[in-house]
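The values are calculated or read from the model by the stated rules, or taken from the named source; none is laboratory data. On a predicted model such as this, the values are computed, not experimentally measured, just so you know. Cβ placement follows ideal geometry from the backbone for every residue including glycine, while neighbour counts extend to all protein chains displayed.
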Amino acid sequence: MTKIPVSRGVSKVEYAIRDLVLPATKLENQGHKIIKLNIGDPLAYPNFPTPPHMLNAYIEALNNQKNGYSPSYGIEPLRSAIANFEKNQKNGGWNCKSSDVYITSGVSEALLILFASFLFPDDKILTPGPFYPPYVSYPPIFQSTAIQYRLKEDDNWKIDFDDLKNKLDNNVKLLSIINPNNPTGSILEKNEILQLIEIVEDYPNCTIVSDEIYNKFNFTNEHISVASLSKKIPVITLNGISKGYFAPGWRIGYIAIHDPKNKLEYVRDGIEKLLRGRLSAPTPAQHGFLAALTESDQWREEYNKKLIKQRNYCVERINDINGLSVKKPKGAFYIFPKIEDNPYKNDKEFVLKFLEQEKVLLVHGSGFSKDYGKEHVRIVYLPDIKILEIAFDKLKSFMK
């Protein structure tokens, strides 16, 4: 019997972070315990629980039967709270109105909605390399191409502007930045953002997409909202509850549109049509996010202290292992060491052999970019130091 083929666009979708779960699950089914340092889920580790006031707001919404469809663009109090959050960013906000904010089921849905609204066949999106996988795997669904611009490892993963200029043309509809970056943990400095905006001003078809989902993890307080610096170019900010508020399973993200010259009228109409067509984001979780934005944020200081301690421990341990090296990340909760002495044919085989022998799961760097991530691994430093100590002891033994 002839099998029905999958669409060409979807056949190219890859997600390295979760694809490696399959061999790990196989080992678990054989009775092995796996230390998982592969996925950025704060709730996978017991030392970073979702703050109680958020849980209480979620539960209260359930108890009050706030279970139905919400308005398609999100509940108005949450949209207003997000607008206020964007206006009052620590290092400079922008004039965000509640009507500029759209609530989505996580940033992943936001990306699909944006790509569907912006991209025509043969359009391009530029994305940093290394990158977060959906930025490269989603555009082919819309017959478009994702092209990576280089981040320079030897310069703390800053943008290679010569490479970016060579790849930017009038077919580039979207230029994405991930700030702080996943997987490198780097943070864009103000002069980099201004330079980026100045370059994009020469391309009137291009909009900047600024993924700021890790903006609460800027350990040097250097994070700057890209929209706050743009006077002409449209900037679409993406953010949500998953990372900075430790509630990834709630699936609440948002799109916030900064459009100083009113260039995105038709695109915004498309975004709204798609949002209405998919009905709404989860309603009780929106009330939980509202509590996160409007109630005390004092709990964060303790969480960040713990994360910084764990980050510093990882940097020290990695740089003490022959054949590995890393620079200290400034944000997010990932570390992206380089394999300087790899006895295997590539970084993916390195990760699979390490999993097989030591029962520790990392992610291969080439899963974030075959060109700019190869011969690296991404390690999540959310587990407490006792777990990290065991993992790095195993890594040191493996490297020997």
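Anything in the range 238-254 that is in contact with an Asp or Glu (Cβ under 6 Å, 6 or more places away or on another chain) and closer than 23 Å to S99 by Cα? List them, or say none.
If the condition is that a residue be in contact with an Asp or Glu (Cβ under 6 Å, 6 or more places away or on another chain) and closer than 23 Å to S99 by Cα, then L238, N239 are the ones that fit.
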- Message: Would you confirm, using the coordinates I've provided, whether S176 is without any contact (Cβ under 8 Å) to a residue 40 or more places away in the chain and part of a strand (DSSP E or B)?
- Response: no
- Are any residues in the range 329-342 in contact with a helix residue (DSSP H, G or I) (Cβ under 8 Å, 6 or more places away or on another chain) and loosely packed, with under 15 Cβ neighbours inside 10 Å, and if so, which ones? D341
- Query: Restricting attention to the range 258-269, does a residue exist that is in contact with a Ser or Thr (Cβ under 8 Å, 6 or more places away or on another chain) and either within 20 Å of I213 (Cα to Cα) or assigned to a strand (DSSP E or B) (or both)?
  - Reply: yes
- Only residues that are modelled with pLDDT under 95 and under 22 Å from the mean Cα position of the chain (by Cα): list them for the range 293-304, please. D297, R300, E301, Y303, N304
- Message: Out of everything in the range 293-321 that is closer than 21 Å to H364 by Cβ and touching a helix residue (DSSP H, G or I) at 6+ places or on another chain (Cβ under 6 Å), what residue ends up being surrounded by the most Cβ atoms within 10 Å (Cβ to Cβ)?
- Response: R317
- Number of the condition not met by W94 [criteria: (1) more than 15 Å from V13 (Cβ to Cβ); (2) over 19 Å from the mean Cα position of the chain (by Cα); (3) free of Cβ contacts under 8 Å to residues at least 40 places away in the same chain; (4) crowded, with 18+ Cβ neighbours inside 10 Å]: (3)
- Does S80 satisfy the criteria of being within 16 Å of T294 (Cα to Cα), surrounded by 14 or more Cβ atoms within 10 Å (Cβ to Cβ) and polar (S, T, N, Q)? yes
- Message: Being small (G, A, S) and out of contact with any strand residue (DSSP E or B) (no Cβ under 7 Å at 6 or more places or on another chain) is the filter here; which residues of the range 137-154 pass it?
- Response: S137
- Assuming E14 fulfils every condition listed in (1) of a type in the set (D, E); (2) assigned to a helix (DSSP H, G or I); (3) at pLDDT below 95 apart from one, which condition is it? (2)
- Residue by residue through the range 55-84, note down the ones that are in contact with a strand residue (DSSP E or B) (Cβ under 8 Å, 6 or more places away or on another chain), part of a loop (DSSP other than H, G, I, E, B) and small (G, A, S). S70, G74
- Note on the structure: With the first residue restricted to the range 325-348 and required to be under 15 Å from N312 (Cβ atoms), and the second required to be in a loop (DSSP other than H, G, I, E, B) and of a type in the set (A, V, I, L, M), Cβ contacts under 8 Å at 6 or more apart or on different chains are K330/I187; G331/I187; F333/L382; I335/V326; P337/V326
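Taking the options E349, E316, name whichever one is part of a helix (DSSP H, G or I), of a type outside the set (S, T, N, Q) and modelled with pLDDT under 95.
Only one candidate qualifies: E349.
Answer with yes or no whether Y266 is of a type in the set (S, T, Y), surrounded by fewer than 21 Cβ atoms within 10 Å (Cβ to Cβ) and in the same structural domain as N205 (by TED's automatic domain parsing).
yes
Condition check ((1) assigned by TED's automatic domain parsing to the domain that holds S108; (2) in contact with a Lys or Arg (Cβ under 8 Å, 6 or more places away or on another chain)) across all residues:
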position: L275; (1), (2): yes, no
position: I318; (1), (2): no, no
position: L324; (1), (2): no, yes
position: G331; (1), (2): no, no
position: I335; (1), (2): no, yes
position: K353; (1), (2): no, no
position: I379; (1), (2): no, no
- Query: Would you say F289 is in contact with a strand residue (DSSP E or B) (Cβ under 9 Å, 6 or more places away or on another chain), without any contact (Cβ under 8 Å) to a residue 60 or more places away in the chain and not in a strand (DSSP E or B)?
  - Reply: no
- Message: Which count do you get for residues in the range 203-235 that are closer than 17 Å to A81 by Cα and β-branched (V, I, T)?
- Response: 1
- Conditions: (1) surrounded by fewer than 13 Cβ atoms within 10 Å (Cβ to Cβ); (2) of a type in the set (A, V, I, L, M); (3) at pLDDT 95 or above. L290 meets all but one. Number of the miss? (1)
- Test: L111 is of a type outside the set (D, E, K, R), modelled with pLDDT of 95 or more and loosely packed, with under 15 Cβ neighbours inside 10 Å: no
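Residues E60, E76: which one is within 30 Å of L382 (Cα to Cα), touching a residue at least 12 places away in the same chain (Cβ under 8 Å) and not assigned by TED's automatic domain parsing to the domain that holds K348?
Answer to the selection: E60.
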- Message: From the list E272, E222, exactly one residue is touching a residue at least 60 places away in the same chain (Cβ under 8 Å) and part of a loop (DSSP other than H, G, I, E, B). Which is it?
- Response: E222
